[in-house]
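Peer 1: Please read through the structure below; I'll follow up with questions.
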Amino acid sequence: MATKNAVGKLENIYTEVTELREAVFKEGQKLYEEWLPLIEREDYRESALNLAYYVALRRRDIRSLQVKLSKWGLSSLGRLEAKVLPQLDALLVVLSKLLDKDLKLLHEIDSSEMAKLRVDYLEKHTDEVFGPKPKKRYTRIMVTMPTEASKDEAFIVKLLEEGMEIARINCGHDDVKTWQKMVKNIKAAEKKTEKKCRIYFDIAGPKIRIDSIFTTQPDARLKTGDQFFITAEESVRAFYEQSIVVGCQNKDILEQLVEGDTIALDDGVVEGRVVSVKPEGAIVQVDRASKAKGVRLKAQKGINFPDTTTKIPLITDKDRQDLEGIQEYADILGFSFVKDVTDVDALQQELENSLGKERAREIPIIVKIETLQSIDHLVDIIIHSAGKNKFGVMIARGDLAVEAGFLRLSELQEEILWVCEAAHVPVIWATQVLETLVKEGIPTRAEITDATMGGRAECVMLNKGDYIEEGLQMLDDLLIRSQEHQYKKSARLRALGIAEKAWRKNK
């Protein structure tokens, strides 16, 4: 029998949880009402409501309450993302039973609304975007198509047989005719294997790249402490006695640079800061280079400007031409550089103009989360996007690491997973998954752990490489094994071989 002191502590917990539930309900309803005019898809409204409750909950620090709940063996609310209010209500039911009191809430929701919130909307939306769940695993696998996929049907057959469910065609490479040949081979491989494969077109967008390089050195490498010049001038030549000059045609961004701004080249392989702004560009001091002997720059590698917020058009004239050529083949469209809701609205309007309103609303879209701005506006991006389109998020970890820094990457990718689960939005785990294995044939220990972590997303993306089949085999095996032990944030307590052997030894 519980002591009077213990009952008093439980009463305090009950009061705290009740007040929390009421505040979450009230604030969540208010937020949801503000969002409603933006949600054209009726079947997304329950998900938006759950997200509103989650935002209301997670703006609070409830760690001390979690400790109290754990001491009583009660749910500590650490896995409530997908069903916020039902989880709070279930906890209150248990507490009321322990205290032998009637549960009376200030704000009730009717049973039909409760039933809707208990539906697995994340699974439903994932099926809509990525296709039906594979037989043996929860997480889908997406593979980036190399140029050879336009020539070799047998190559795609092998990928499908090894577990690929989604083929990614990167519109930053090749051309419409090549992509159409890829699609033709994918369709033929589907028939041969009797396996379905969705086709994801990743729209190139205004990718900021190294367009040209000028150097006076025979073996031009950038080391920590070196300087280089970056310019948008059409004629790339020697500027201000700098031996390495990087040409970048995004003049609007370069004109915004000020002293102290960070510039990263090739996914952060070289990172520097502006030390002097000139009429033709800027002198950049290298603060970090990934190799002690220096990094040799290559044209077409990406450039990041983490401190620059200049808006650039999300869809270029090339993208509009590409959309016209691929729209009948695309099952999913992916977009980069979305930073806030104005970008989302502009993107959806562009799609209407290019595809017509019906097709623009019908096709699922994926937004890459790759900047701190996009994370700051993630909730609003989700509402504006999923309110009109079937929708998913890609965690573009290469650019995100450059923008946010490697230290913050792990916590940010966790936060994205949590928010998207609360919004019932599927997530793609992308960038450098099993990269060493795919490119060189042997994985690193760290990337095995990283790929396993990817099983908490709804899809994992592999990039192209000479050993893509081996990478696909290993990823398939890792995902099947990991789901036996983990789903999202929840540990699954399958019988452990270690425990069984220890039991037999001491029996």
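Nothing in this text is a laboratory measurement; each read-out follows from the coordinates by a stated rule. Values in this document were obtained by computation on a predicted structure and should not be read as measured data. We place every Cβ from the backbone using ideal geometry, glycine too, and count neighbours over all the protein chains shown.
Peer 1: Using 0.36 nm per residue, how much length does the chain from N5 to K195 gain when fully extended, once their Cα-Cα distance is taken away?
Peer 2: 62.2 nm
Peer 1: In whole Å, what is the distance between the alpha-carbon centres of region 6-28 and region 47-93?
Peer 2: 11 Å
Peer 1: Would any residue of region 55-78 have its amide N under 20 Å from a label point 7 Å out along Cα→Cβ of D380? List them or say none.
Peer 2: The answer is 55-60, whose backbone nitrogens lie closer than 20 Å to the label point.
Peer 1: Just the Kirkwood number for the chain, please: inverse of mean 1/r across all distinct Cα pairs, in Å, one decimal.
Peer 2: 25.3 Å
Peer 1: What's the local net charge at I381, with K and R +1, D and E -1, over the other residues with C-beta under 14 Å away?
Peer 2: Summing Lys and Arg as +1 and Asp and Glu as -1 gives -4.
Peer 1: Arranged from highest to lowest average of other beta-carbon atoms within 10 Å per residue, in what order do the peptides 241-247, 390-396, 55-61 appear?
Peer 2: 390-396, 241-247, 55-61
Peer 1: In addition: How big is the charge dipole of region 212-304 about its Cα centre, in debye rounded to the nearest 20, if each Lys and Arg gets +1 on its Cβ and each Asp and Glu gets -1 on its Cβ?
Peer 2: So the dipole magnitude of region 212-304 works out to roughly 460 debye.
Peer 1: Cross-link list K26/K339; K124/K388; K278/K301: which exceed 18 angstrom alpha carbon to alpha carbon?
Peer 2: K26/K339; K278/K301
Peer 1: Mind checking the angle between helix 468-482 and the chain's longest principal axis? C-alpha axes, 0 to 90 degrees, to the nearest 10.
Peer 2: 10 degrees
Peer 1: What angle do you read, to the nearest 10 degrees and between 0 and 90, between the alpha-carbon axis of helix 153-162 and the longest principal axis of the chain?
Peer 2: 30 degrees
Peer 1: Using only Cα atoms, locate the centre of region 293-357 and the centre of region 376-441, then give the distance between them in Å, rounded to an integer.
Peer 2: Using only Cα atoms to place each centre, the spacing works out to 16 Å.
Peer 1: If you count, for each residue, the other Cβ atoms within 10 Å and average over each peptide, how do 196-205, 350-359 line up from highest to lowest?
Peer 2: Output ranking for 196-205, 350-359: 196-205, 350-359.
Peer 1: Sticking with this one: May I ask you to list the aspartates and glutamates whose Cα is less than 12 Å away from that of K192, ignoring any residue fewer than eight positions away on the same chain?
Peer 2: In chain and number order, the partners are E153, E161.
Peer 1: Using a simple charge model, +1 on the beta-carbon of Lys and Arg, -1 on the beta-carbon of Asp and Glu, nothing else, what dipole does the chain show about its Cα centre, in debye to the nearest 20?
Peer 2: Dipole of the chain, to the nearest 20 debye: 2260 debye.
Peer 1: What FRET efficiency, computed as 1/(1 + (r/R0)^6) with R0 = 56 Å and r the Cβ-Cβ distance, is obtained for L98 and Y240, rounded to the nearest 0.05?
Peer 2: My answer for the efficiency is 0.15.
Peer 1: Between helix 406-422 and the chain, what is the angle of the helix's C-alpha long axis to the longest principal axis, kept within 0 to 90° and rounded to the nearest 10?
Peer 2: 50 degrees
Peer 1: Among L493, G356, A292, which residue has its Cα furthest toward the positive end of the charge dipole of the chain, with +1 on Lys/Arg Cβ and -1 on Asp/Glu Cβ?
Peer 2: My answer, from the dipole projection, is L493.
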